[in-house]
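Single-structure report; data block below.
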Amino acid sequence: MSLIGSLAAKVAARFDDRAPVFYAADMVTFTLRGGVWHVLVIQRGWNPHKGKLALPGGHVDAGETSREAAVRELAEETGVTVPESAFVHQVGVFDAPGRDARGRYVSVAYAVVLPDEAPDPVAADDAMAAEWMPVRVAVKVARAGGFAFDHDRILAAAITAFNLPRTLRTHLGRGEES
């Protein structure tokens, strides 16, 4: 084998030894219902974390952006769609090793505020239930460890990004950010 061939084989072997990194997107969806802030949550129908609350999300497909994937996953798991005119805000990249028991997942999280009285969700795909939950209740669930993965952190980032009431940010340990 030539020197170049040997070097190429070593480089290829190096890449083959690496564990894959998966690309995902999550969506935090807020609305006002009866004058109270709500967030759309699902109950996971599959492991890991079967039965726990989560935010709609999933894999980014080939040929789509993470924003497109977040909007698609929201619709697939809950039937709730994001209007074209809606402001969809990227709230962060969540990439802590070990955040998902299935392997290394990097998730880009987005948040959107839908018009008051957004439609009721209908669970589908890998969600066994979906509901609009008052944000104050979701914060309590998050503090008690009731969310799958690191979705408690994603929820906290979205609450801060949209400047929801200071009391919600404080209860999530985010301080009194402006």
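Here are some notes:
- Count - residues of the stretch 80-122 that are closer than 19 Å to Val41 by Cβ, touching a residue at least 24 places away in the same chain (Cβ under 8 Å), outside any strand (DSSP E or B) and under 16 Å from the mean Cα position of the chain (by Cα): 4
- Matching residues, the stretch 12-44, being small (Gly, Ala, Ser), surrounded by fewer than 17 Cβ atoms within 10 Å (Cβ to Cβ) and either on the phi > 0 side of the Ramachandran plot or at pLDDT 90 or above (or both): Gly34, Gly35
- Here is the figure for the stretch 123-149: residues that are more than 22 Å from Asp61 (Cβ to Cβ) and part of a loop (DSSP other than H, G, I, E, B) total 3.
- Residue match in the stretch 110-129 (condition: over 19 Å from Leu32 (Cα atoms), touching a Phe, Trp or Tyr at 6+ places or on another chain (Cβ under 7 Å) and modelled with pLDDT under 95): yes
- Given (1) open to solvent by less than 70 Å² (accessible area, probe 1.4 Å); (2) acidic (Asp, Glu); (3) part of a loop (DSSP other than H, G, I, E, B), number of the condition Glu77 does not satisfy: (3)
- Residues being of a type in the set (A, V, I, L, M, F, W, C), over 17 Å from Asp150 (Cβ atoms) and not in a loop (DSSP other than H, G, I, E, B) - total across the stretch 22-52: 5
- Of all residues in the stretch 98-123, those satisfying the criterion of being under 15 Å from Tyr23 (Cβ atoms) and surrounded by fewer than 20 Cβ atoms within 10 Å (Cβ to Cβ) are Arg99, Asp100, Arg102, Gly103, Arg104, Val106.
- Just one of the numbered conditions (1) surrounded by 15 or more Cβ atoms within 10 Å (Cβ to Cβ); (2) closer than 16 Å to Phe30 by Cβ is not true of Asn163: (1).
- Residue-level analysis places Asp152 outside the set of residues that are in a loop (DSSP other than H, G, I, E, B) and either without any contact (Cβ under 8 Å) to a residue 12 or more places away in the chain or crowded, with 17+ Cβ neighbours inside 10 Å (or both).
The values are calculated or read from the model by the stated rules, or taken from the named source; none is laboratory data. These numbers were taken from a predicted model, which means no experiment stands behind them. We place every Cβ from the backbone using ideal geometry, glycine too, and count neighbours over all the protein chains shown. Surface accessibility is based on the protein's heavy atoms, side chains included, excluding ligands, DNA and RNA. Shrake-Rupley method; radii C 1.70, N 1.55, O 1.52, S 1.80 Å.
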